[in-house]
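What follows is a single structure, written as structure tokens, with notes after it.
The values are calculated or read from the model by the stated rules, or taken from the named source; none is laboratory data. Just so you know, these numbers come straight off a predicted model, no measurement behind them. Heads up, the Cβs are rebuilt from the backbone with ideal geometry, glycines too, and the neighbour counts pull from every protein chain shown. Side chains included, ligands, DNA and RNA excluded: accessible areas come from the protein's heavy atoms. Shrake-Rupley method; radii C 1.70, N 1.55, O 1.52, S 1.80 Å.
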Amino acid sequence: MWRASPCEAGRVSRADLDKRPDEVASMFDDVARRYDLTNDVLTFGLDRRWRARVVRAIAPRPGERILDLAAGTGTSSDPLDQAGSRVVACDFSVGMLRVGKRRRPGLSFVAGDALALPFADASFDAVTISFGLRNVVGVDNALAEMARVTKPGGRLVVCEFSDPTWAPFRRVYQEYLMRALPPVARAVSSNPDSYVYLAESIRAWPDQAALAARIGSCGWSAVKWQNLTGGIVALHHATR
């Protein structure tokens, strides 16, 4: 079930993660080679199910131009391409893009900063970002940039970790993030320390309603969200 955002969006406060773009990019460069495998292990394969729901929410159509931000190795871009859309996989980690280009040479990969996208106004029918918005140093600026490059009437789909809706499960989930995730990452990741940062960034991220309000204040309308896996992940949908 999709939940609608409140009509009036105020400024939403959140913890300052003190993200330095060069350090975050370097972190993703380091984990690029085994990034997709690590995600499969850490999420018990649920990331594949979440990404399938993203594709359904975007509802790509043949010939549409779609921007996939924080695309990494192109895992999220590939099904959009298979649907006949003209997808651009954009990421600021050159290491991720290199791995992606080797694995998926048919995709269009572009290095770009979400705060200053290298695309003209109203260039895309849809923009999507999965598990990357919380790593951007200026979330509001990034959302405004996404609105800038989207055609009027175009759509936005954000897939991001969120707050589990059932309080007892929320406590168990937070314990997993901070205690179980780092040891598991050490076993499968090429840079396990990076996953400590990722766990902390998930805990500091705004909940579903707060993110919806933030999206609505940055040039988007008709904002709504849908919880996946009890709210571990939420899909936010909006219209330009």
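Brief remarks on what is shown
- When the solvent-accessible area of the stretch 136-180 is split by element, carbon and sulfur atoms take up 59 percent of it, the probe being 1.4 Å.
- Highest-first packing order for the peptide set 165-172, 97-104, 76-83 is 76-83, 97-104, 165-172, based on the mean count of other beta carbon atoms within 10 Å.
- Centre separation in Å (Cα based) which lies between the stretch 213-240 and the stretch 79-102: 23 Å
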